[in-house]
Amino acid sequence: SDLWRNGLVIFNHAPLAQAAREFNRYNDTKLVIADPAVAAIRIDGAFKTGNIVGFSRLMRDAYGLKVEEKGSQIKISQK
């Protein structure tokens, strides 16, 4: 798919680990997934490649995960 050229990544029941890898390809700020249970959470939707902060906040709000922004990393873990 060429949708990434338009600045979108689309996930169809993709594990959060895969979503993080995709975002990390496009951003200097890196998503860090803290544990396998969080990495396995399945994600659906279309997201702007540059909106890594918005994506991580969605993980917090929609999935009840803990999100810690530290410098050039955003760590996602279970609460």
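The values are calculated or read from the model by the stated rules, or taken from the named source; none is laboratory data. Model, not experiment: these values are computed from the prediction. Every residue, glycine as well, gets a Cβ built from its backbone with ideal geometry; the counts of neighbours run over all protein chains shown. Remember, those area values only see protein heavy atoms, side chains included, never the ligands or the DNA or RNA. Shrake-Rupley method; radii C 1.70, N 1.55, O 1.52, S 1.80 Å.
Residue pairs whose Cβ atoms lie under 9 Å apart, separated by 6 or more positions or on different chains, with the first residue in the stretch 56-69 and farther than 18 Å from T29 by Cα and the second modelled with pLDDT of 95 or more and exposed (fewer than 14 other Cβ atoms within 10 Å of the Cβ), are G64/Q78; L65/Q78.
Of the residues making up the stretch 67-79, those that are open to solvent by 90 Å² or more (accessible area, probe 1.4 Å) and more than 14 Å from A20 (Cβ to Cβ) are E69, K70, Q78, K79.
Note on the stretch 30-66: residues that are of a type in the set (D, E), within 18 Å of Q18 (Cβ to Cβ) and open to solvent by 60 Å² or more (accessible area, probe 1.4 Å) amount to 1. A count restricted to the stretch 1-25 and to residues that are at pLDDT 90 or above, farther than 11 Å from A46 by Cβ and open to solvent by 70 Å² or more (accessible area, probe 1.4 Å) stands at 4.
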